[in-house]
Amino acid sequence: MKKILLTTAALALTAGIAAAETIRMGTEGAYPPYNFINDSGEVDGFERELGDELCKRAELTCEWVTNEWDSIIPNLVSGNYDTIIAGMSITDERDEVIDFTQNYTQPDPSAYLVASEDVDLENGIIAAQTGTIQAAFIADSGATLVEFATPEETIAAVRNGEADAVLADKAYLAPVAAEDDGLMLLEQEEMIGGGIGMGVRESDTELKEKFDAAIQSMKDDGSLNALLEKWEIGPGF
């Protein structure tokens, strides 16, 4: 699912994660159904449920930290938290700066949310969240890209006529279209990215191995597929 384009890179911390008492799980908290803040002010969603189970299987004590999307990778590298579990698609560009676990979702189709079916996607104005794989795709397509800091702002841009369409993960846009009679999804979809994985610092190989093993165990016993189905996130494994 989601996000790329890093303009700067930082060196990973030299200290390993093995000595840490609590693993801090970094997420955005603004991208349902992957992650969001519930009415009690707590991180919720598919990745909260998944992350808690992964920590249990890896025998790790974990806590959740929220961070804005546009600085989520730099703040991982600088040590503000220990993982990124935030709907982040695995890409070569990101992998140059951080490391990824194996994917815990298949590539999710990216969809266009529009107010009118006759949108010209090739020559129109397309909104996307800053730093996402969708933003990079639009920039390469020749269409006019307008970027916003949050996914909510991209949808507002279509509602107020600032943009002709939003390109984002279908799992995020489908509920929006279902709840708003003035918006709809186009049939055209784009397959971008290599699935979603957890991001870790490149120096934290032991932590990566623990989460890799936990993810694989959930794939093997079918519990990951059950979560994907529960939260209506793409195809299973």
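The values are calculated or read from the model by the stated rules, or taken from the named source; none is laboratory data. Computed from a predicted structure; not experimentally measured. Neighbour counts run over all protein chains shown; Cβ positions are idealised from the backbone, glycine included. Only protein heavy atoms, including side chains, enter the accessible area calculation; ligands, DNA and RNA are left aside. Shrake-Rupley method; radii C 1.70, N 1.55, O 1.52, S 1.80 Å.
If you go through the range 89-102 and keep only what is open to solvent by 40 Å² or more (accessible area, probe 1.4 Å) and assigned to a helix (DSSP H, G or I), you end up with ASP92, GLU93, ASP95.
Only one entry of GLU68, GLU28 meets the criterion of being farther than 24 Å from ASP221 by Cα, touching a Phe, Trp or Tyr at 6+ places or on another chain (Cβ under 6 Å) and in contact (Cβ under 8 Å) with a residue 24 or more places away in the chain, and that entry is GLU28. Taking the range 133-165 as the range and being in contact (Cβ under 8 Å) with a residue 12 or more places away in the chain, surrounded by 15 or more Cβ atoms within 10 Å (Cβ to Cβ) and among the aliphatic types (A, V, I, L, M) as the test, the residues that pass are ILE133, ALA135, ALA136, ILE138, ALA143, LEU145, VAL146, ILE155, ALA157, VAL158, ALA163, ALA165. In this entry, LEU6 passes the filter for residues that are at pLDDT below 95 and within 17 Å of MET88 (Cβ to Cβ).
Pairs only if they're at least six apart or on different chains, beta carbon under 7 angstrom, first in the range 34-45 and on the phi > 0 side of the Ramachandran plot, second part of a strand (DSSP E or B); list them, first residue then second. Matching pairs, first to second residue: GLY45/ASN35; GLY45/PHE36. Identification of strands (runs of 3 or more DSSP E) wholly contained in the range 103-151 with 2 or more residues that are within 17 Å of GLU190 (Cβ to Cβ) and of a type in the set (S, T, N, Q) yields no element. When the range 183-217 is limited to residues that are at pLDDT 95 or above and in a loop (DSSP other than H, G, I, E, B), the one that is farthest from THR27 (Cα to Cα) turns out to be LEU183. ILE196 passes every criterion in (1) under 17 Å from the mean Cα position of the chain (by Cα); (2) over 17 Å from ALA135 (Cα atoms) apart from (2). Only a single criterion out of (1) in contact (Cβ under 8 Å) with a residue 60 or more places away in the chain; (2) closer than 22 Å to GLU53 by Cβ; (3) open to solvent by 10 Å² or more (accessible area, probe 1.4 Å) is not satisfied by ASP220, namely (1).
ALA171 falls short on exactly one of the conditions (1) at pLDDT 95 or above; (2) open to solvent by less than 20 Å² (accessible area, probe 1.4 Å), and that condition is (1). A search for C-beta distances below 7 Å between a residue of the range 179-200 that is in contact (Cβ under 8 Å) with a residue 60 or more places away in the chain and β-branched (Val, Ile, Thr) and any residue that is assigned to a strand (DSSP E or B) and open to solvent by 30 Å² or more (accessible area, probe 1.4 Å), counting only pairs 6+ apart in sequence or on different chains, returns VAL200/ASP99. For GLU53, indicate whether it is under 20 Å from ILE196 (Cα atoms), touching a Phe, Trp or Tyr at 6+ places or on another chain (Cβ under 9 Å) and open to solvent by 50 Å² or more (accessible area, probe 1.4 Å). No. Within the range 64-83, restricting attention to residues that are aliphatic (A, V, I, L, M) and closer than 19 Å to GLN134 by Cα, which residue is surrounded by the most Cβ atoms within 10 Å (Cβ to Cβ)? So the residue we want is ILE73.
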